[in-house]
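Accompanying notes for the structure given below.
The values are calculated or read from the model by the stated rules, or taken from the named source; none is laboratory data. Treat the numbers as computed from the prediction; the structure is a model and nothing was measured. Here the Cβ is made from the backbone with ideal geometry for all residues, glycine too, and neighbour counts use every protein chain on show. SASA here: full protein model, heavy atoms, side chains in, ligands and nucleic acids out. Shrake-Rupley method; radii C 1.70, N 1.55, O 1.52, S 1.80 Å.
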Amino acid sequence: MGKVKNRWLIAASAVGMHLSIGSVYAWSVYTTPLTEQLGWDLKETQFTFSLAIFFLGISAAFLGHFLEKNGPGRSGILTAVLFGAGIAGSGLAIELESIYMLYLFYGLLGGIGLGLGYITPVSALIKWFPDKPGLATGMAVMGFGFAALISSPLIVYLIGAIGIANTFYLMGSIYFVVILLSSLYLSLPPEGWSPGETAKDVKKVVVTSSVELTAGEAVKTRRFWLLWLMFFINISCGIAIISAASPMAQEFAGLTAVAAATMVGVMGLFNGLGRIGWASFSDAIGRPNVFSAFFIVQIIAFLVLPQVTNAWVFQLLVFVIISCYGGGFATVPAFIKDLFGTRQLGIILGYMLTAWAAAGMAGPLLAAWARSISTSYNSTLYIFSGLLVIALLLSVIIRRDVKKLAVTGEDEKLASPISNAAIPSSKG
């Protein structure tokens, strides 16, 4: 078999890639300098971020086939080129004072790099950690959640020191180098590889499919769309809180603007912690149980928030919601592995991330509409708690489907006779 790469260094490479592309969450630190120095409208500037998230979801769906055909190494290199060029090209857009060029570079090119860069390390890690898929995806996606905590202060410093355009040039170059170096080590495990006896001794509590479905077969199953809707609702509810956290904190709990801004910063920490924490927990209790827990916890939190006046209790509830928001991103890839196998996991994950693109557009719009029909945020929270009840019911249905699959093997007629050990389907 030859020398096998260290899977923990594979995990470190994945974290490096996600720390780079996750800097998209730091976009807000650019908005004020852009509006003040270039005179652009705030809505025009904010649309850049929405465009990037939209193309993340869309490109992930389409480029999953490229990933499975060419392997994570080449996909990572393409990510470095696309994302690095998207960020650096944004500097040119600033120099030319063209908002449309900013949409082209940051929104379109950077967004496509985001989509490919998101699925590339996650699909590889799951195959290196078949014994701990939740932990594996949690490590990678945690980097995405934590990225803003690292990049935001650096970007703020650089804007003040060298200007906005040069900051884009420099950050684009840094991201290119980090992603490229991460890609050079990223690969799939050799055929027949297993993590060893330690992994075999791990107690199995997750009910999984014994079949390996293609992406085309997966999307024809009911459980794919159940998971898609659950993911969509979880993201929408999290985005609703993220988009209105500061004014809600001031309205309900009486926080000052400065204290509310601090709370928003700490939310990024819980976003990252929720990714590694909930995903690791799913290895112990199973993915269906974790998703049900997401929805039960959030239903309670959304219903209680309007009644809370204590600042500490309010912030605690918000942090719990955000941890569930982040945890959903980290748990979904492992859930896909449980439900459909790893044969075309990258493609299926790409299809699933269209829920992110849809929620990124629908969530803030629904939150804004709910706020407009009331004089407070109460209606917003109650509407989203209703959506969470629907998601909880969906989690019960998918739990029954998973158990039925384990007992009857109902998808065996769809699956190719490929054992788990016989994957990968592409070279890394």
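Report yes if some residue within the stretch 120-129 is in a loop (DSSP other than H, G, I, E, B), touching a Leu at 6+ places or on another chain (Cβ under 7 Å) and either charged (D, E, K, R) or closer than 19 Å to Gly346 by Cα (or both); otherwise report no. Yes, there is a match, as at least one residue in the stretch 120-129 is in a loop (DSSP other than H, G, I, E, B), touching a Leu at 6+ places or on another chain (Cβ under 7 Å) and either charged (D, E, K, R) or closer than 19 Å to Gly346 by Cα (or both).
Of everything listed in (1) in contact with a Ser or Thr (Cβ under 9 Å, 6 or more places away or on another chain); (2) crowded, with 24+ Cβ neighbours inside 10 Å, the single unmet condition for Ser59 is (1).
Scanning the stretch 62-82 for residues that are under 21 Å from Phe105 (Cα atoms) and either basic (Lys, Arg) or open to solvent by 10 Å² or more (accessible area, probe 1.4 Å) (or both) returns Phe62, Leu63, Ile77, Leu78, Val81, Leu82. So for the stretch 267-287 (the condition being surrounded by fewer than 24 Cβ atoms within 10 Å (Cβ to Cβ), at negative phi and not in a helix (DSSP H, G or I)), does at least one residue qualify? Scanning the stretch 267-287 turns up no residue that is surrounded by fewer than 24 Cβ atoms within 10 Å (Cβ to Cβ), at negative phi and not in a helix (DSSP H, G or I).
What single numbered condition from (1) of a type in the set (A, V, I, L, M); (2) open to solvent by 10 Å² or more (accessible area, probe 1.4 Å); (3) in a helix (DSSP H, G or I); (4) at pLDDT below 95 fails to hold for Leu34? Single failed check for Leu34: (2). Evaluate the following for Ser246: is it open to solvent by less than 40 Å² (accessible area, probe 1.4 Å), more than 21 Å from Leu393 (Cβ to Cβ) and hydroxyl-bearing (Ser, Thr, Tyr)? Yes. Remark: pairs (first residue in the stretch 379-405, without any contact (Cβ under 8 Å) to a residue 60 or more places away in the chain and more than 10 Å from Phe302 (Cα to Cα); second residue of a type outside the set (Ser, Thr, Tyr) and open to solvent by 10 Å² or more (accessible area, probe 1.4 Å); Cβ separation under 8 Å; 6+ apart in sequence or on different chains) = Ser379/Arg371; Ser379/Ile373; Lys404/Glu410.
I'm trying to understand the selection: among the residues of the stretch 369-399, which are over 23 Å from Ser292 (Cβ atoms), among the hydrophobic types (A, V, I, L, M, F, W, C), open to solvent by 60 Å² or more (accessible area, probe 1.4 Å) and assigned to a helix (DSSP H, G or I)?
Trp369
Tell me whether the stretch 347-362 contains one or more residues that are in contact (Cβ under 8 Å) with a residue 40 or more places away in the chain and farther than 19 Å from Leu229 by Cα. Scanning the stretch 347-362 turns up no residue that is in contact (Cβ under 8 Å) with a residue 40 or more places away in the chain and farther than 19 Å from Leu229 by Cα.
None of Ile179, Ile155, Ile112 is open to solvent by 20 Å² or more (accessible area, probe 1.4 Å), at pLDDT 85 or above and assigned to a helix (DSSP H, G or I) except Ile112.
Would you check if Phe49 is open to solvent by less than 70 Å² (accessible area, probe 1.4 Å) and aromatic (Phe, Trp, Tyr)? In short, yes. Thr342 meets each of the listed conditions (1) in a helix (DSSP H, G or I); (2) over 30 Å from Leu255 (Cα atoms); (3) among the β-branched types (Val, Ile, Thr); (4) open to solvent by 10 Å² or more (accessible area, probe 1.4 Å) apart from (1). For Ala357, the conditions (1) modelled with pLDDT under 85; (2) open to solvent by 40 Å² or more (accessible area, probe 1.4 Å); (3) under 20 Å from the mean Cα position of the chain (by Cα) are fulfilled apart from (2). Given the structure, is Ile322 assigned to a helix (DSSP H, G or I), touching a residue at least 40 places away in the same chain (Cβ under 8 Å) and more than 22 Å from Leu213 (Cα to Cα)? Answer is yes for this residue.
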